[in-house]
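Taking it in order: structure first as structure tokens, then the write-up.
The values are calculated or read from the model by the stated rules, or taken from the named source; none is laboratory data. Every value quoted in this text rests on a predicted model; they were computed, and no experiment measured them. Counting neighbours? That spans all protein chains shown, and the Cβs are built from the backbone with ideal geometry, glycine included. To get the accessible areas, we keep the full protein, side chains included, count just its heavy atoms, and leave off ligands, DNA and RNA. Shrake-Rupley method; radii C 1.70, N 1.55, O 1.52, S 1.80 Å.
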Amino acid sequence: MKLRNALSAVLLAAAGLAAPVVAAPAAHADTLICDQYGSTTIGGRYVVMNNRWGSSAQQCINVTGSGFRIQTQQGSTSGGAPLSYPAVYLGCHYSNCSPGSPLPRQLSRIGSAPSSISYNYVGNSVFDASYDIWMDPTPKTNGVNQMELMIWLNHTGNVQPVGGRVGTTSIGGRSWDVWQGNNGGNDVVSYVATSALSGWSFNVMDFVNDVDNRTRVDRSWYLTSIQAGFEPWSGGVGLAVNSFSASIN
């Protein structure tokens, strides 16, 4: 939402004087990003990226003060990899680190990683709304990490995570279908909500600890980024992250 600067003055009738005029805090001007890998920062803390990695067709995102909205989406694919992953994140992604990033950090040095998300969904689109959480044996800030943890809060159409379904689990008081596989570049463990969530607050480390128990990841590995956004296969105009937060304790 665009805000207008406001000026306020108070008439001090008794003294016949006017109080000093004080300007409101500067508002965030929305930013439109259409560059394939364009990005910007919000809140002095997070990076928002267009990340149109799966197609050369145009995608534009409108970045707000607290998240983003997909404004233009061209092209589509009926299967395989999605078109893109527009997202907001804390940490480092291909050498682009969020301001003052606390990541990478070794898992053994993280007590908790609280995060919160609010999504807006639209119809006539095929997508997943997911967290993408990356880990590596080294404090890597560039390139592909060895472990990708995905949390699907919602998905539409005939799409599914990498690999195969290996069972179910309960994390954060909710039930999840668990998928495991490899996409040719890294291992992937995905947690798919059994019913759609439009928003949630949780501890990222609850999922990381489950991955630790299932895979070769151990406490010597590093958490490099916490990302949240959308993977669209077709459509998607109007999909939005209304708000996002993440921190490392």
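For region 177-240 and region 55-72, compute the distance between their C-alpha centroids and round to whole Å.
About 21 Å separates the Cα centre of region 177-240 from the one of region 55-72.
Kindly write out, for region 185-193 in residue order, the coupling ³J(HN,Hα) from the Karplus curve 6.51 cos²θ - 1.76 cosθ + 1.60 (θ = phi - 60°), rounded to whole Hz, with x marking Gly and Pro.
Working through the residues one at a time gives x, 7, 6, 9, 10, 10, 10, 10, 4 Hz.
Need one number: convex hull volume per residue for region 106-249, Cα atoms only, in Å³.
112
What nm value, rounded to one decimal, do you get for the distance between Thr168 and Asn182 when each label is placed 7 Å out toward the C-beta?
3.0
Count charges around Ser108 for me, please; just the other residues with Cβ under 14 Å from its Cβ, Lys/Arg as +1, Asp/Glu as -1.
Summing Lys and Arg as +1 and Asp and Glu as -1 gives +1.
What's the Cα-based Rg to Rh of the chain, Rh via Kirkwood?
Radius of gyration relative to Kirkwood radius: 1.06.
Tally up the carbon and sulfur contribution to the accessible surface of the chain as a whole percent, 1.4 Å probe, everything protein left in place.
48
Where nothing but the Cβ of Lys and Arg (+1) and of Asp and Glu (-1) is charged, how large is the charge dipole of the chain around its Cα centre, in debye to the nearest 20?
400
Convert each backbone phi in region 56-67 into a coupling constant with the Karplus relation 6.51 cos²θ - 1.76 cosθ + 1.60 (shift: θ = phi - 60°), then list the ³J(HN,Hα) values in order as whole Hz, x for Gly and Pro.
In residue order, the calculated couplings are 8, 5, 6, 9, 10, 10, 9, 8, 9, x, 10, x Hz.
Can you tell me the 0 to 90 degree angle between the C-alpha axis of helix 204-214 and the longest principal axis of the chain, rounded to 10?
Compared with the principal axis, the helix lies near 10 degrees.
Just to verify a number: what accessible area does Ser175 come out at with the full protein assembly present, 1.4 Å probe, Å² rounded to tens?
Ignoring ligands and nucleic acids, Ser175 comes out at about 70 Å².
Can you give me the long-range amide H partners of Gln58? Hydrogens built in the peptide plane at 1.01 Å from N, cutoff under 5 Å, separation of 5 or more residues or another chain.
When sequence neighbours closer than 5 places are left aside, the close amide H contacts are Gln74.
Can you give the net charge of the other residues whose Cβ lies under 13 Å from the Cβ of Pro139, counting K and R as +1 and D and E as -1?
After counting each charged neighbour, the total is +2.
Given N residues in region 50-103, what is its alpha carbon radius of gyration divided by 2.2 N^0.38 Å?
So the Cα radius of gyration is 1.30 times the expected 2.2 N^0.38 Å.
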